[in-house]
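What follows draws every value from the coordinates through simple rules; no lab data is involved. Just so you know, these numbers come straight off a predicted model, no measurement behind them. All Cβ positions, even for glycine, are placed from backbone atoms using ideal geometry, and neighbour counts span all protein chains on display.
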Amino acid sequence: MQISSKLPNVGTTIFTVMSGLAKEHNAINLSQGFPDFGCDSKLLDLAQKHMQAGFNQYAPMPGVIQLRECISKIISDCYAYIYHPDTEITVTAGATQAIYTAIAAFINSGDEVIVFEPAYDCYIPAIELHGAKAVTSQLDPLNFSINWGDVRSKVNAKTKMIIINSPHNPSGAVINADDLNELEKIVAGKNIIVLSDEVYEHMVFDGQLHQSVARNKTLAAQSVIVSSFGKTVHTTGWKIGYVAAPKELMAEFRKVHQFLVFAVNHPFQLALADFLSDAKNYSELKHFYQNKRDLFLKLTKDSKLKPLKTSGTYFQLMSYKTISEEADTDFAIRLTKEKKLATIPLSVFYTNKYDNKVLRFCFAKKDETLQQAAEVINSF
């Protein structure tokens, strides 16, 4: 058969490649973003309870109402904005599906979508699959702040969406209230949807607040918020996330959602609703991961790797400029094979493969795993 690929330049994701390499060489895996520790046993007990109670058939297409009501309360408590659980919240099969669905619902051939780089790798392929153009804006390579002047220069009549991500993967940077104000000035009154990837919303450190677009009423009115329970309760394998958006946007989102997945794991949704009804099960997450970050930095403070500032997520960027001039992809592969430590090279998050000699380390790991990784890092 003659196949005309819709994504001719896309191969296997770097996360799959590096995790596979880590397994092959029995390396410590700080590459792919998932914990090596379990979730709360109470959550597992709740899932078992709902499975035993018979909730093993299709859930309602938008998600069980108990979880949607829980999400509405969390957003209201955290950001003082109310989304109606019936019409403005949908449970999804993870954040990646939510992002893809939002792009599929609103982006047409010939449209343009502004994406900030370095960018998580699912954004641009989804844009291109729908015949649209990804217009990239480079974040500052040192602090990963947004150049709003550059954004303004790239907005035109074809711009239909701006994708933001805070806390930011891969850098760990966070946007502030001034950033939201600048974004509001750009999109207010225009036919531009903001797709806000907030999957690390409960992992913001050093006393800072997560600046959700829900904090800004003008932005909230034309935004689709995506988040993920996998990051919040340490269950990335459950693949359950959610979307919050005004009912007019949500109605279009659900038209696509119902034909992609229709419904999401039923008993796990009920378990999450029960578990997250206790606010401490998400509100204390920032302290848990800040302690992980601080431990990792303390353990590696004497190494030749130089850390960049991390204000959120569970990723730490580190520069190896004083160690090697190798391309970051080559250096990451060599570390995995020779030093038995797997990381992610930052250049893969850029379309132009910009290489600033930086690697991404995931610190969502047991303390002993971080200690073992630090011994390797300190031996460079």
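Between S324 and S4, the simple label model (points 7 Å from Cα in the Cβ direction) yields a spacing of 4.2 nm. Against the empirical curve 2.2 N^0.38 Å, the C-alpha radius of gyration of the chain lands at a ratio of 0.97. Once the gyration tensor of the Cα atoms in the range 149-234 is diagonalised, the equivalent ellipsoid follows with semi-axes of 23, 13, 12 Å, ordered largest first. Taken over the range 234-380, the ratio of Cα radius of gyration to 2.2 N^0.38 Å equals 1.34. In sequence order, the range 151-168 has phi-based couplings of 4, 4, 5, 9, 7, 8, 5, 8, 6, 10, 7, 10, 9, 10, 9, 8, x, 8 Hz under the Karplus curve 6.51 cos²θ - 1.76 cosθ + 1.60, θ = phi - 60°, and Gly or Pro positions carry x. Here the sum of -39500 (n - 2.57) over DSSP H runs of 4 or more residues, divided by the residues of the chain, equals -11000 deg cm²/dmol at 222 nm, to the nearest 500. In terms of its C-alpha gyration tensor, the range 1-60 has an oblate overall shape, because the principal axis ratio a/c (a ≥ b ≥ c, square roots of the eigenvalues) is not below 1.5 and a/b does not outweigh b/c.
For the range 208-296, what is the per residue volume of the convex hull drawn over the alpha-carbon atoms, in cubic angstrom?
Values: hull volume 11.5 nm³, N = 89.
Spelled out: Cα convex hull of the range 208-296, divided by residues, is 129 Å³.
The length gained by stretching the chain between N291 and K304 to full extension, at 0.36 nm per residue less their Cα-Cα distance, is 2.5 nm. By the Cα gyration tensor, the range 8-112 has an equivalent ellipsoid whose semi-axes, rounded to whole angstrom, run 31, 25, 15 from largest to smallest. For the pair T218 and A188, label points projected 7 Å from Cα toward Cβ lie 0.2 nm apart.
Subtract the Cα-Cα distance of D278 and D77 from 0.36 nm times their separation in residues, and report this length gain in nm to one decimal.
71.1 nm
Our coupling estimate for the range 114-125, obtained by passing each phi through the Karplus curve with A = 6.51, B = -1.76, C = 1.60 and θ = phi - 60°, is 7, 10, 8, 10, x, 10, 4, 6, 8, 5, 5, x Hz, Gly and Pro reported as x. Counting neighbouring Cβ atoms within 10 Å and putting the fewest first, the residues W148, W238 line up as W148, W238.
The translational diffusion coefficient of the range 189-245, from Stokes-Einstein at 20 °C and 1.002 mPa s with a Kirkwood hydrodynamic radius over alpha carbon pairs, comes to 173 µm²/s. The fewest-to-most ranking of R254, R152 by surrounding Cβ atoms within 10 Å reads R152, R254.
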